[in-house]
């Protein structure tokens, strides 16, 4: 039988506007609310509601820049492709390396939260939980987080079937998790106490900023549509719309759920669990196990959707980097029958599964935030440079008040970067140093840029 996998290959255009929008919603909605809220509330107190707004506004600046560039450069590499076309190969490599951190580590973080909700669901329904040795990473009382690794492998199986099939499954899961969050708000507001918001800033403005920096993790994913540029039916029209629409929907739900959660349970009780919303219903609302069970089912579906869609984005970014010669060609080989980069999918999923099984949630979330903020900052800079370099280029969407809003996006990203801890910066520095070594040892030697017989890389 002939090998169905040929070097390189083209992805198939199967996604319309709503599929792209729900891809971004699926990658975003749930990460912060279902997983990271318990980590962030102790940093900010009731001001976590303001932290969500600050993180959302910061994301909005970058979303506008993403929307402009997605309409101009509709490739599959997200901000990596944009910086390649505007700032050159070295900066694109730095951006791509940040995206590997952003997407890969965020999938692992959400997978850890997924395991927490599975454990809570087992406890509520059957009165049993998985032993700590098999449901927590080393350093937190466990040996191996098996559920976290298992959901990554399950997402891999779905992704191997193809983009169309993955999009259909994602639409179903997004509908389920929106229903779960609306149900949570309806129930939590029955136990609402306005006094839980006094004082609003018990830990000061610094606490609010620290909470926003951690919660920025929860906005990762609004750019997921930009990784599907080569699988969109009409990328110039639909990508900008999908990016902005998904961010507006997600921010509104985040703020609503945060208000309901803080109103139902004092902020001091949020520490110590990733399954935060379930804890709110159990401790504050009461009324048996029905609502916590339904919420836990929704949370499991929600985090499954995030794992699936963000894992998809990571694979497409490496696909683009591989076609440019910066990572090995195995990452850009497309299976002829499924139209999926199979080897890429298996390699990336295996790495993420190991990460999810061995690393605690808090470390993963902060590492993801710093990589994301760097990548977003570069996208905002790219918009400013393109407006100066090529102001008359066709744009299906234009950032209003440019260069003011893109520069505000750079400043906001910088502000939140300064709110991250020293340990996160040290880890990020080590990651970037390793990335530059990989670029010098492999990327520079194998880059297609300027190689005889290779088409010139398109710039704008």
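Derivation of every value follows stated rules applied to the coordinates shown; laboratory data play no part. Small disclaimer: the values here were computed from a predicted structure and weren't measured. Cβ: placed from backbone, ideal geometry, glycine included. Neighbour counts: every protein chain shown.
Values as computed for the structure displayed
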{"read-out": "Surface/4 estimate of mean projected area, convex hull on alpha-carbon atoms of region 11-91, nm²", "value": "7.4 nm²"}
{"read-out": "Estimated inter-spin distance, residue 425 and residue 134, nm [label 7 Å along Cα→Cβ]", "value": "4.3 nm"}
{"read-out": "Angle in degrees between helix 163-188 and the longest Cα principal axis of the chain, rounded to the nearest 10", "value": "30 degrees"}
{"read-out": "Per-peptide average of other Cβ atoms within 10 Å, ordering 81-90, 204-213, 420-429 highest first", "value": "81-90, 204-213, 420-429"}
{"read-out": "Value of relative contact order over the chain, rounded to a whole percent, pairs C-alpha under 8 Å and six or more apart", "value": "35 percent"}
{"read-out": "Cα centroid of region 17-89 to Cα centroid of region 391-427, whole Å", "value": "11 Å"}
{"read-out": "The chain: angle of helix 235-264 to the longest principal axis, Cα-based, in degrees nearest 10", "value": "20 degrees"}
{"read-out": "Highest to lowest packing among 126-139, 173-186, scored as the average C-beta count within 10 Å", "value": "173-186, 126-139"}
{"read-out": "Helical mean residue ellipticity (222 nm; -39500 (n - 2.57) per DSSP H run of 4+; nearest 500) of the chain", "value": "-21000 deg cm²/dmol"}
{"read-out": "Packing-based order for 190-197, 332-339, using average beta carbon neighbours within 10 Å, highest first", "value": "332-339, 190-197"}
{"read-out": "Ranked list, fewest to most other Cβ atoms within 10 Å of each Cβ, for 431, 291, 440", "value": "440, 431, 291"}
{"read-out": "Degrees between helix 48-72 axis and first principal axis of the chain (Cα, 0 to 90, nearest 10)", "value": "20 degrees"}
